[in-house]
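A short worksheet on the structure shown next.
The values are calculated or read from the model by the stated rules, or taken from the named source; none is laboratory data. Please read all numbers here as calculations on a predicted model, not as lab measurements. All Cβ positions, even for glycine, are placed from backbone atoms using ideal geometry, and neighbour counts span all protein chains on display.
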There are 2 protein chains.
Amino acid sequence: MTTDPSDDAGPEHLNSDEETLIAEFWAPLANGYAGAYDLKDDAASIAVPPDEELIVSTDALIAGVHFFADEDPGAIGWKALAVNVSDLVAKGATPLAYLMHIAFPERPQSQWLQAFVDGLSAAQAAFGCHLAGGDTDRTPGPLSISITAFGTVPAGQMIRRSGAGVGDRVYVTGTIGDAHLGLALKRDAAMLARWDNPAATAQHLIARLVKPQPPLNVIPALREFASASMDISDGLMKDFERLCRTSGVGGRLQAEAVPLSPPARALLAAGETTLPDLLSGGEDYEVLACVPEARAAEFEAAANKHRVCVTHIGHITPADTGVSAVDATNRPLRFLHKGWDHFA
Amino acid sequence: MTTDPSDDAGPEHLNSDEETLIAEFWAPLANGYAGAYDLKDDAASIAVPPDEELIVSTDALIAGVHFFADEDPGAIGWKALAVNVSDLVAKGATPLAYLMHIAFPERPQSQWLQAFVDGLSAAQAAFGCHLAGGDTDRTPGPLSISITAFGTVPAGQMIRRSGAGVGDRVYVTGTIGDAHLGLALKRDAAMLARWDNPAATAQHLIARLVKPQPPLNVIPALREFASASMDISDGLMKDFERLCRTSGVGGRLQAEAVPLSPPARALLAAGETTLPDLLSGGEDYEVLACVPEARAAEFEAAANKHRVCVTHIGHITPADTGVSAVDATNRPLRFLHKGWDHFA
């Protein structure tokens, strides 16, 4: 049975108006957040403690663009929130609340809605935030979910993209390229068949695509030691270039130092992927951070203390040296493309 | 020439990547708002003064659902922001900033983009707020614009839907039903032809549909005197029912007291529309407010002082009396439907 929310089969379609949909499915997600007013008002209040600053970010998922329309609805809910929390985490902000606009191509199935809400609910619990409000529409287009996420940092301490200095070390959290491989596995069943050991590890790569886990535990270390940071969503190389450009610096990544998961290493060894592919694949939802050399040891210790894995993958260089990734022999990697661009 | 952003004709399509689009078209809208970081970061900061509270609301416009795909792009930009500011105004909040997610069905034309930005820019100036961030996508569906708007009220003073008390007077700002008639005129050229005097006044009704003007000037009077309020977006009757339900009260509107513009009166007299149609048409983007009888004179004086027209159209009654609109002979009006619902 398909889980496409627009599926027309069966008697289980939501048989109620927008307000019932809000009360039955969305309002439970707002439980515990007073400023949501039980989703019974036109707007929500966000109370920001006087010594804190509100950080806001918005990211959308569109069926057929950002996820497969028949994706597990729980995973869609999780990912819709996770990709937004990823931006907050990279800025050093603690998640607080979010607003959601959702547009359905057809009257949604109750079963689909409940699974979607369950995924959002699990993500809320994992990330420590609540639904504060939203807007529900019908659309002649695909299912679309646009979330605006709110987080807080001590006033004036948002970590910018623009603070990287020459000599800074470049770090990433977690491993890179898994989601790219997960997508390749979903698209190409033959790749799975060619591979010796699919069942054991394909699951991991696909989970990295459909259920990203932004590294909340890195927030304290970022706040204390990072000169610049951003989340890696469009491909490590593309996002590293963006960070360098915004900071007015150059940078060099050691491709061999980029952390890969065991399944990614296996697929690389099998010739199913390349380092440039992994470094430009996108959807990692890890954090790219720069740390002054003098603070690097403390940064690593702080990350370890909070049980988040950070790996030193390169350095910030003067602007006129450009941005590159080099292999073990110091030769620049060649990229067909460095990451996602909806308009390029 | 069509102004549809997805039109494939001509050499003027935007020939650049997402970052150039942001820098050329969106960044000028963020000028003057420091927390937007020139749209060069993953997130924005919203600084909330310590004695104020942040009010947030989100509303989307989808081509083919909320506006005609070939609508003037400047009007689309204006309306996308106006419908969100309308929610802030109804809550007594002063607009501050907004985030915008926009999804284009095709690579947009530069000319379309510039007109859209000009419309947003005019709306920003009128409403006193700036773009603080956003997200730009491509979609296989229709053009979609989802805005999250931020405003501020003195801490704890957001005007709720839930505060109406029995005996309160019910007020609306401006006039009701114009946008509904504007939509009818756009859809039905014959209606325009049947009408004696179209050129003089059709323009007014259509402008009320495509360029709503939320009444910012009513904010001081609302803050000081309103017990409950909301914006009228889905139809006066539907929204009045919502307010009464949330407040746990009943209510009665005197249909004859509902303020109509001269063109609406003319079309009503000509039999082209009915009072129930006008009271349920939607898209008014006026404010519905309740004011205790004892403060009514002060409320009206405060509104007049700020040059905003408010009209007393009914009363709040006990819950068991229900919600109704009555004609001049005190007979309840009959409604085919009381307003918009995307799911009913």
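Within region A:14-55, can you find the residues that are more than 30 Å from A:I159 (Cβ to Cβ), out of contact with any Asp or Glu (no Cβ under 9 Å at 6 or more places or on another chain) and outside any loop (DSSP other than H, G, I, E, B)? Once the filter is applied, which keeps residues that are more than 30 Å from A:I159 (Cβ to Cβ), out of contact with any Asp or Glu (no Cβ under 9 Å at 6 or more places or on another chain) and outside any loop (DSSP other than H, G, I, E, B), region A:14-55 yields A:T20, A:L21, A:I22, A:E24, A:F25, A:W26, A:P28, A:Y37, A:D38, A:L39. On inspection, A:D118 qualifies as at pLDDT 95 or above, surrounded by fewer than 22 Cβ atoms within 10 Å (Cβ to Cβ) and over 17 Å from the mean Cα position of the chain (by Cα).
From the list A:L236, A:L222, which one is within 16 Å of the chain's Cα centre (by Cα) and buried (at least 23 other Cβ atoms within 10 Å of the Cβ)?
On the way: A:L222 fails: within 16 Å of the chain's Cα centre (by Cα).
Within the list A:L236, A:L222, the selection yields A:L236.
Among the residues of this structure, B:P220 does not count as one that is modelled with pLDDT of 95 or more, in a loop (DSSP other than H, G, I, E, B) and either out of contact with any Pro (no Cβ under 8 Å at 6 or more places or on another chain) or in the same structural domain as B:G314 (by TED's automatic domain parsing) (or both).
Here B:A193 passes the criteria (1) surrounded by fewer than 24 Cβ atoms within 10 Å (Cβ to Cβ); (2) facing chain A (nearest Cβ under 8 Å) except the one numbered (2).
Of the residues making up region B:97-117, at least one is in contact with a Gly (Cβ under 9 Å, 6 or more places away or on another chain), aromatic (F, W, Y) and not assigned by TED's automatic domain parsing to the domain that holds B:H180.
To keep it simple, each residue is scored yes or no on (1) part of a loop (DSSP other than H, G, I, E, B); (2) in the same structural domain as A:A80 (by TED's automatic domain parsing); (3) in contact (Cβ under 8 Å) with a residue 60 or more places away in the chain.
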| residue | (1), (2), (3) |
| --- | --- |
| A:S162 | yes, no, yes |
| A:L192 | no, no, no |
| A:A202 | no, no, yes |
| A:S229 | no, no, yes |
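Residues of region A:16-60 that are touching a His at 6+ places or on another chain (Cβ under 9 Å), crowded, with 23+ Cβ neighbours inside 10 Å and at the interface with chain B (Cβ under 7 Å from one of its Cβ atoms): A:T58, A:D59, A:A60.
Tell me, which residue of region A:267-289 that is more than 21 Å from the chain's Cα centre (by Cα) and not in a helix (DSSP H, G or I) is surrounded by the fewest Cβ atoms within 10 Å (Cβ to Cβ)? Step by step, filter region A:267-289, then rank; the result is A:G271. If we scan region B:84-95, do we find a residue that is closer than 28 Å to A:I62 by Cβ, in contact with a helix residue (DSSP H, G or I) (Cβ under 7 Å, 6 or more places away or on another chain), at the interface with chain A (Cβ under 9 Å from one of its Cβ atoms) and aliphatic (A, V, I, L, M)? Checked against the condition, which is being closer than 28 Å to A:I62 by Cβ, in contact with a helix residue (DSSP H, G or I) (Cβ under 7 Å, 6 or more places away or on another chain), at the interface with chain A (Cβ under 9 Å from one of its Cβ atoms) and aliphatic (A, V, I, L, M), region B:84-95 yields no hits at all. Answer yes if at least one residue in region B:300-309 is touching a Gly at 6+ places or on another chain (Cβ under 8 Å) and over 17 Å from B:G92 (Cα atoms), and no otherwise. No: region B:300-309 contains no residue that is touching a Gly at 6+ places or on another chain (Cβ under 8 Å) and over 17 Å from B:G92 (Cα atoms). Scanning region B:149-170 for any residue that is facing chain A (nearest Cβ under 9 Å), more than 22 Å from B:E224 (Cα to Cα) and under 17 Å from the mean Cα position of the chain (by Cα) turns up at least one such residue. Counting residues in region B:126-139 that are out of contact with any Cys (no Cβ under 9 Å at 6 or more places or on another chain), of a type outside the set (S, T, N, Q), buried (at least 20 other Cβ atoms within 10 Å of the Cβ) and not in a strand (DSSP E or B) gives one or more. Evaluation of A:L143 against the conditions (1) touching a Gly at 6+ places or on another chain (Cβ under 8 Å); (2) of a type in the set (A, V, I, L, M); (3) more than 8 Å from chain B (Cβ to nearest Cβ) shows that the sole unmet condition is (1).
Of the residues A:I22, A:I55, the single one that is under 15 Å from A:C129 (Cα atoms), of a type in the set (A, V, I, L, M) and either modelled with pLDDT under 95 or touching a Lys or Arg at 6+ places or on another chain (Cβ under 6 Å) (or both) is A:I55.
So is B:V89 crowded, with 24+ Cβ neighbours inside 10 Å, assigned to a helix (DSSP H, G or I) and either over 13 Å from the mean Cα position of the chain (by Cα) or outside the structural domain of B:A179 (by TED's automatic domain parsing) (or both) or not? Judged against the criteria, B:V89 is a match.
Within region A:96-111, the presence of a residue that is more than 14 Å from chain B (Cβ to nearest Cβ) and surrounded by 24 or more Cβ atoms within 10 Å (Cβ to Cβ) is excluded.
Across region A:237-292, which residue is farthest from the other protein chains (Cβ to nearest Cβ) among those that are in contact with a Lys or Arg (Cβ under 6 Å, 6 or more places away or on another chain) and not aliphatic (A, V, I, L, M)? Give the derivation first.
Taking region A:237-292 as the starting set, the residues that turn out to be in contact with a Lys or Arg (Cβ under 6 Å, 6 or more places away or on another chain) are A:237-238, A:243, A:246, A:280, A:291.
Next cut, not aliphatic (A, V, I, L, M) only: A:238, A:246, A:280.
Numbers: A:K238: 10, A:T246: 5, A:S280: 15 Å.
If we take residues in region A:237-292 being in contact with a Lys or Arg (Cβ under 6 Å, 6 or more places away or on another chain) and not aliphatic (A, V, I, L, M), then A:S280 is farthest from the other protein chains (Cβ to nearest Cβ).
Of the residues B:R295, B:R245, the single one that is within 21 Å of B:L336 (Cβ to Cβ) and surrounded by fewer than 18 Cβ atoms within 10 Å (Cβ to Cβ) is B:R245.
In region B:251-266, what residues are under 20 Å from B:P214 (Cβ atoms) and buried (at least 24 other Cβ atoms within 10 Å of the Cβ)? Explain how you work it out, then say what you get.
Keep residues of region B:251-266 that are under 20 Å from B:P214 (Cβ atoms), which gives B:258-261, B:264.
B:A264, the sole residue that qualifies.
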